[in-house]
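The values are calculated or read from the model by the stated rules, or taken from the named source; none is laboratory data. Please read all numbers here as calculations on a predicted model, not as lab measurements. Backbone-built Cβ (ideal geometry, glycine too); neighbour counts: all protein chains shown.
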Amino acid sequence: MPDTDLTGRRVLAVVTNYGVEQDELVVPVRHLRDAGAQVDVAAVEDGPIQTLVGDKDPGESVDPDVVLSAVDASGYDLLLLPGGTINADSLRLQDDAPALVQAFTADGRPVAAICHGPWALVEAGVLGGKTLTSYPSLRTDVRNAGGEWVDRSVVSDDAGGWTLVTSRTPDDLDDFLAAVDAALTGSR
């Protein structure tokens, strides 16, 4: 069990039904639930989420808790955006995903994104003045969206009245989860 008690905290993880990187969804969800948080996984469609390992090999199948279009963002303390190239590229094209990002940031609630997950932040237009990391192939997109890209295992940025936690890859999950815990405990 994690050292941090997240009882009473609510987290929304947003993904498509195919292509999310397995460990970027499954590991954070398990970690947060083990710490006492309520985590809802929202998918584009009401059906199993097929995760992938390394963007190519089938991973675990995960059942969503809610359909993305039915999500009420106001009840959540943190938005989690897992990566996976296919997932993140498809998710940013769903109007509901950038709208959720904008709702969280406008209310000053934290957002955590790993690997390709920051593509939804680029699409939402919320990166101006933020420092973040991601999978290296996103650095030009991040810079073009007004963010400063750095190569670190985790970056927490509180500029602009909301906390953004980002990491590069599943190799950074330990650092990412520690920063997500900190963002959640500081968000109340």
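Quick rundown of the values:
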quantity	calculated
Those residues of the range 73-89 which are over 8 Å from the mean Cα position of the chain (by Cα), among the aliphatic types (A, V, I, L, M) and outside any helix (DSSP H, G or I), in sequence order	L78
Test: residue in the range 125-132 that is basic (K, R) and either in contact with a strand residue (DSSP E or B) (Cβ under 8 Å, 6 or more places away or on another chain) or buried (at least 19 other Cβ atoms within 10 Å of the Cβ) (or both)	yes
Some residue of the range 166-180 being part of a loop (DSSP other than H, G, I, E, B), within 17 Å of the chain's Cα centre (by Cα), modelled with pLDDT of 95 or more and over 24 Å from D95 (Cβ atoms)	yes
Members of the range 101-125 found to be under 19 Å from T169 (Cα atoms) and in a helix (DSSP H, G or I), listed by number	W119, A120, L121, V122
Residues within the range 24-64 that are outside any strand (DSSP E or B) and either within 22 Å of D5 (Cβ to Cβ) or basic (K, R) (or both), tallied	13
Meets criteria (surrounded by fewer than 20 Cβ atoms within 10 Å (Cβ to Cβ) and either part of a loop (DSSP other than H, G, I, E, B) or modelled with pLDDT under 95 (or both)) for R152	yes
